[in-house]
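Inspection log for the structure reproduced underneath, given as structure tokens.
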């Protein structure tokens, strides 16, 4: 990924986190929680990670990327995810769909290896699996 694309992805991800925080009354803190990083805390300190996917990606279909180590911790602690499907508009985003779910509520996941974070186990989930 080019450095410029990486910066754009980080900016869009931050904007999606801000939308999720406002929508679900979350405190963004990007803290460590039981050995993994999470994006936010909800009422009562419940841990959440915000997953964003760009609907108008040019290189491939949109997808949410989940990591097994983080998912295991969120599941054990009754944490959750906020999924944000957005369209990039210049330097901003337009949210198309947003949904908060308990990590436990996700169906059985088949984990693969590779990608970022040192090759940890991950899965890529299409928006249709979250919103339809």
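Below is a table of values for the structure above.
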{"read-out": "Residue in the stretch 94-102 that is loosely packed, with under 14 Cβ neighbours inside 10 Å and at pLDDT below 95 present", "value": "no"}
{"read-out": "Conditions (1) outside any strand (DSSP E or B); (2) at pLDDT 90 or above; (3) within 20 Å of residue 128 (Cβ to Cβ): number failed by residue 110", "value": "(2)"}
{"read-out": "Within the stretch 1-105, strands (runs of 3 or more DSSP E) holding 1 or more residues that are touching a residue at least 60 places away in the same chain (Cβ under 8 Å), on the phi < 0 side of the Ramachandran plot and more than 14 Å from the chain's Cα centre (by Cα)", "value": "80-89, 92-102"}
{"read-out": "Residue list for the stretch 10-27, restricted to those being surrounded by fewer than 17 Cβ atoms within 10 Å (Cβ to Cβ), under 19 Å from residue 65 (Cα atoms) and at pLDDT 95 or above", "value": "14, 18"}
{"read-out": "Selection count where residues are at pLDDT 95 or above and within 18 Å of residue 62 (Cα to Cα), scope the stretch 73-91", "value": "7"}
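The values are calculated or read from the model by the stated rules, or taken from the named source; none is laboratory data. Note that the structure is a prediction, hence the values are computed from the model and not measured. Cβ: placed from backbone, ideal geometry, glycine included. Neighbour counts: every protein chain shown.
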